[in-house]
Amino acid sequence: MKTWMRPFAMVAALALGAGACEDGATNTNDFDDEGLRMDAALVAADGMFQDIAHMQSPEVWRGIGGGPQPVGIEIQGSTKFTRTVEFVPGPGYDPMETTEMHIVSELEREVTHTFWSAEIERFRDMTVSGLYGEETERIWNGTGTGDVFKSRHPEEGAVRTYDMESSATITDVIRALPRAENPWPLSGTITRVIHVVRTEDGVIVAERDITTTITFNGTKDVKLVVKDGNTTEEFDIDLSLGNVRKQFQRKNR
């Protein structure tokens with residue numbers, strides 16, 4: 001399995017004296033615990049939306065070309081997408097014989113929004129079972145790794161910047177058929193352990209390990225639970241939006 005590793009000795013935040021950024025936000029090295037949890041939730045949700053975008057039918061994956069467009073993956077800013085697909089038993093897909101499909105993919109992309117910008121690299125190794133015969137449900141499991149570099153989160157005149165390295169576990173995510181009548185995963189979880197590093201002038205000033213868990217329930221409204229040490233916080237996600245835009249706001253404001 002391929003993973004990406006880059007030195008975390010990046011300058012993740014500029015000095016306050018550098019002045020205002022292009023979006024009006026000022027860089028700051030103050031460590032905002034609430035903001036950190038919200039930023040980790042955003043990165044985890046972005047990964048989740050791409051995870052479930054991979055959960056397409058064997059017919060779709062069999063016909064996929066050189067890019068992610070046919071499977072609905074958000075490709076804004078993508079610079080690289082590669083994949084291999086294997087059917088069991090092989091060599092090809094037979095709707096009455098195939099029992100499993102195995103997908104390995106790599107994605108590199110850049111996101112540039114007013115609320116978030118980053119360089120992203122993700123690797124996924126996913127398997128779907130329940131393909132044999134006249135099935136009504138398909139079960140997805142898998143793992144993944146990801147690096148999010150220079151993850152920059154402007155908010156209320158300040159900007160928080162990190163590097164994040166994560167490992168993901170996709171556990172028993174069930175998609176029902178037909179998909180048009182069952183658009184949302186019925187159950188299962190996607191968990192990410194995110195190692196967050198913040199540096200100043202090439203020196204690490206803060207490191208944290210944060211665990212995020214998304215639990216599906218058959219509806220478009222799901223909970224993302226962020227565990228940061230002894231602190232646990234929940235965030236609401238609307239799957240129908242299809243991405244992280246406007247999903248995360250500070251609570252009680």
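Couple of notes before you dig in:
- Among residues of region 181-204 being assigned to a strand (DSSP E or B) and of a type in the set (D, E, K, R), the one that is farthest from Asp46 (Cα to Cα) is Glu200.
- Boolean, Thr212 is under 23 Å from Phe123 (Cα atoms) and either without any contact (Cβ under 8 Å) to a residue 60 or more places away in the chain or of a type in the set (Asp, Glu) (or both): no
- Top-ranked residue of region 197-215 - restricted to ones that are modelled with pLDDT of 95 or more and closer than 16 Å to Thr231 by Cα, ranked as surrounded by the fewest Cβ atoms within 10 Å (Cβ to Cβ): Asp209
- Of all the numbered requirements in (1) surrounded by fewer than 16 Cβ atoms within 10 Å (Cβ to Cβ); (2) on the phi < 0 side of the Ramachandran plot, Gly133 misses one, and that requirement is (2).
- A count restricted to region 184-196 and to residues that are surrounded by fewer than 21 Cβ atoms within 10 Å (Cβ to Cβ) and closer than 14 Å to Trp140 by Cα stands at 6.
The values are calculated or read from the model by the stated rules, or taken from the named source; none is laboratory data. Every value quoted in this text rests on a predicted model; they were computed, and no experiment measured them. As a convention, Cβ positions derive from the backbone with ideal geometry for all residues, glycine included, and neighbour counts pool all protein chains shown.
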